[in-house]
Amino acid sequence: MITAENLTKRYGSKTAVDGISFQLAPGKVTGFLGPNGSGKSTTMRMAVGLDRPTAGTVTIDGKPFAQHKAPLRTVGAVLDAGATHPGRTGRAHLRVLAATHGISNKRVEEVIELTGLGEAARKRIKGYSLGMNQRLGIAAALLGDPAVLIFDEPVNGLDPEGVRWVRSMARQLAAEGRTVFVSSHLMSEMSQTADHLIVLGRGRIIADAPIAELLSSGEQRVLVRTEQIADLANALNTSGVSLEHLDAETLQVTGLDPRSIGRRALETGIVLHELTPQQSTLEDQYMKLTGDYVEYRSGGQNQEEAR
C-alpha cells in the first residue's frame with residue numbers, strides 16, 4: 001500500500017506537488033495521469049526517497065522507503081530507464097542489484113526470461129534501445145518479488161508487443177494482490193490497464209476515482225446518419241444540445257439520448273440510416289478535466305517556466 005498525506009514539494013518559488021493525499025490499495029492498478037509539469041514524476045520520486053518532501057509524508061506499507069531494511073523486496077520501481085552503468089551487460093547489472101539484497105542468480109535468470117531480455121542480457125547496456133532499457137528496468141523492479149510496483153511511463157519506447165506485455169503484466173501483478181502504480185500519457189493504454197485513476201493538475205489532485213466512474217460521468221454522444229441531415233439538425237437544434245457535422249450525412253449529437261433523437265426524427269418524417277450511442281473515452285474525460293491545468297501548450301502560446 002502507498003499512502004500520501006498532505007504531500008508537498010517546492011523548488012524555490014515553484015510548487016511541484018501541492019498538499020496531495022491519497023491511498024493506493026493492493027489488488028488494483030492505479031493510473032497516474034496529468035499534463036507535463038503536473039507533479040507525477042516528483043510524487044513517484046518522493047515515494048522511493050529520491051526527493052525529500054517539503055511537507056507531508058508518503059509511506060509504503062506504513063513506513064518511508066528509507067526505513068525498509070530490504071527495499072527491493074518491498075518496492076520495485078522504474079523511474080528512469082537510463083539509470084544504469086552503460087559498460088555493464090544487462091545480466092551483470094541485475095546480478096549487482098541482486099547481490100545487495102541476497103537475491104539468487106537463479107532469480108536473475110527468471111526475470112531475464114520474464115521480461116524478454118533473452119540474448120540482450122549478454123550485451124553491454126550502452127548498445128540497448130530505449131525499449132530494451134525499459135525491459136531491463138522492469139526486470140530490476142521485479143527482482144525482489146515486491147508487493148508494491150511503481151512504473152513511470154513503462155511503455156516508453158516499446159513496440160506493440162512490448163506494450164501489450166506491460167499491460168498484461170501490470171494486471172497480473174495486481175491480480176496477485178500487489179499494489180501497482182503506473183503513470184502514462186497513453187490514454188488508450190491506460191483505459192485498458194487501470195482500475196483506478198488519480199489525475200494531477202499543477203500539483204493538485206483533480207480526480208481520484210475508479211476508471212468506470214470517470215467514464216460514466218461523461219456526456220453521452222450519439223452518431224446519427226441520414227440523407228436529410230439539414231432537416232434533422234433543425235429538429236434537434238434546441239437548448240442544451242450540441243451538433244457536430246462529421247460529413248454530408250453524419251451528425252454527432254451531444255445532449256440527447258438515442259431514444260429522444262429517434263422520436264424527433266419520426267415526428268418530422270426523417271429516415272435514419274444509423275443511430276449509434278458512443279461511450280465517452282478516457283481521452284475525452286482527461287482533456288475535460290485537465291483543460292485548465294495545462295502549463296505547456298502547442299502552437300506558440302505563452303509557456304510558464306516550470307520544473
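The values are calculated or read from the model by the stated rules, or taken from the named source; none is laboratory data. Nothing here was measured: the structure is a model prediction, and the numbers come from that model. FYI the Cβ positions are ideal-geometry reconstructions off the backbone, even for glycines, and counts take in every protein chain you see.
Consider the range 1-47. How many of its residues are of a type in the set (A, V, I, L, M, F, W, C), touching a Leu at 6+ places or on another chain (Cβ under 7 Å) and closer than 15 Å to Gly76 by Cα?
Number satisfying all stated conditions: 4.
Which residue out of Gly269, Gly255 is at pLDDT below 90 and outside the structural domain of Asn36 (by TED's automatic domain parsing)?
So the residue among Gly269, Gly255 that is at pLDDT below 90 and outside the structural domain of Asn36 (by TED's automatic domain parsing) is Gly255.
Table: residues versus (1) in a strand (DSSP E or B); (2) surrounded by 18 or more Cβ atoms within 10 Å (Cβ to Cβ); (3) in contact with a helix residue (DSSP H, G or I) (Cβ under 7 Å, 6 or more places away or on another chain).
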| position | (1), (2), (3) |
| --- | --- |
| Phe151 | yes, yes, no |
| Leu158 | no, yes, yes |
| Val166 | no, yes, no |
| Arg171 | no, no, yes |
| Gly177 | no, no, no |
| Met190 | no, yes, yes |
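Quick one: would you say Thr226 is modelled with pLDDT of 90 or more, crowded, with 19+ Cβ neighbours inside 10 Å and farther than 25 Å from Ala47 by Cα?
Judged against the criteria, Thr226 is a match.
Ser188 - would you say it is of a type in the set (Ser, Thr, Tyr) and in contact (Cβ under 8 Å) with a residue 60 or more places away in the chain?
Spelling it out, Ser188 is indeed of a type in the set (Ser, Thr, Tyr) and in contact (Cβ under 8 Å) with a residue 60 or more places away in the chain.
Can you tell me which residue within the range 4-44, out of those that are of a type in the set (D, E, K, R), surrounded by fewer than 21 Cβ atoms within 10 Å (Cβ to Cβ) and over 14 Å from Val199 (Cα atoms), is nearest to the chain's Cα centre (by Cα)?
The qualifying residue nearest to the chain's Cα centre (by Cα) is Lys28.
What residue, among those in the range 129-143 that are among the polar types (S, T, N, Q) and over 19 Å from the mean Cα position of the chain (by Cα), is farthest from Met169 (Cα to Cα)?
Per the stated criteria, the residue is Ser129.
Name the pairs: first residue in the range 279-302 and farther than 16 Å from Gly37 by Cβ and at pLDDT below 75, second residue of a type outside the set (Phe, Trp, Tyr) and outside any helix (DSSP H, G or I), Cβ to Cβ under 8 Å, at least 6 apart or on different chains?
Close Cβ pairs satisfying both conditions: Gln279/Gly218; Ser280/Ser217; Ser280/Gly218; Ser280/Glu219; Ser280/Gln220; Ser280/Arg221.
Check every one of the helices (runs of 4 or more DSSP H) wholly within the range 33-107 and list those with 3 or more residues that are in contact with a His (Cβ under 7 Å, 6 or more places away or on another chain) and in contact (Cβ under 8 Å) with a residue 12 or more places away in the chain.
It comes to 71-74.
Taking the range 154-182 only, how many residues are in contact with a Leu (Cβ under 7 Å, 6 or more places away or on another chain) and either of a type in the set (A, V, I, L, M, F, W, C) or more than 14 Å from Ala141 (Cβ to Cβ) (or both)?
The qualifying residues number 7.
When you check Phe22 against the structure, is it assigned by TED's automatic domain parsing to the domain that holds Ile205 and under 28 Å from Ser188 (Cα atoms), yes or no?
In short, yes.
Within the range 234-242, can one find any residue that is of a type outside the set (S, T, N, Q), assigned by TED's automatic domain parsing to the domain that holds Arg10 and in contact with a Leu (Cβ under 7 Å, 6 or more places away or on another chain)?
The answer is no; no qualifying residue exists.
List the pairs whose first member sits in the range 223-240 and is part of a loop (DSSP other than H, G, I, E, B), whose second member is small (Gly, Ala, Ser), and whose Cβ atoms are under 8 Å apart, counting only residues at least 6 apart or on separate chains?
Listed pairs, sorted by first residue: Thr226/Ala265; Gly240/Gly255.
Which residues, taken from the range 83-128, are surrounded by fewer than 14 Cβ atoms within 10 Å (Cβ to Cβ), within 27 Å of the chain's Cα centre (by Cα) and at pLDDT below 90?
The one that is surrounded by fewer than 14 Cβ atoms within 10 Å (Cβ to Cβ), within 27 Å of the chain's Cα centre (by Cα) and at pLDDT below 90: Ala83.
Quick one: how many residues across the range 242-276 are assigned to a loop (DSSP other than H, G, I, E, B) and over 32 Å from the mean Cα position of the chain (by Cα)?
So the answer is 8.
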